[in-house]
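Here the structure is laid out as C-alpha cells; the discussion comes afterwards.
The values are calculated or read from the model by the stated rules, or taken from the named source; none is laboratory data. Values in this document were obtained by computation on a predicted structure and should not be read as measured data. To get the accessible areas, we keep the full protein, side chains included, count just its heavy atoms, and leave off ligands, DNA and RNA. Shrake-Rupley method; radii C 1.70, N 1.55, O 1.52, S 1.80 Å.
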Amino acid sequence: QVQLVESGGGSVQAGGSLRLSCAASGSILSINVMGWYRQTPGKQRELVATITYGGTINYADSVKGRFTIYRDGAKRTVYLQMNSLKPEDTAVYYCRAELGRPYWGQGTQVTVSS
C-alpha cells in the first residue's frame, strides 16, 4: 500500500506560479507511475501530468510548456511546478500513484484569479 500527502495549493493571480508536492510513503518501490490529476465541479477528473518509474513524462496538451512534473532522487516526492497559471487551471489537484491499482491523495485546491 501507498499513502500520498499533497501540499502546496493556494490562490494566485493569473500569470503566477505555484508548486505542488506529493510525498509518498509505504511500498514506493512498487509504484509504476505517479502523476497529477485535477477536477472541477461537475466535470470528470482529468490527467495533468504523469511520470513513470523509468522517468517517462506525459503532459496534458493544456499544460504543456507551462507545467513541469519532476521528482526527488529517492522517488518519494513528486512535484508539479505550475507557471503562467490561467483561471482555467482552477481546480482541486490530486496526486495519484499506480501499483496495480490507483491510490489517490486527498486533493489540494488551486485557485487562479483573473
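Observations, loosely collected:
- Solvent exposure of the chain, expressed per residue, is 51 Å² of accessible area, with all protein chains present and a 1.4 angstrom probe.
- Over the chain, Cα pairs under 8 Å with separation of 6+ residues give a relative contact order of 36 percent.
- Rel. contact order, % - alpha carbon contacts under 8 angstrom, at least six apart, the range 15-72: 23 percent
- Taken as Cα centroids, the range 1-67 and the range 94-114 sit 6 Å apart, rounded to the nearest whole angstrom.
- Set of aspartates and glutamates with alpha-carbon distance to LYS86 below 19 Å, sequence-local pairs under 8 removed: GLU46, ASP61
- Of all accessible heavy-atom area on the range 1-93, the percent that carbon and sulfur account for (1.4 Å): 48 percent
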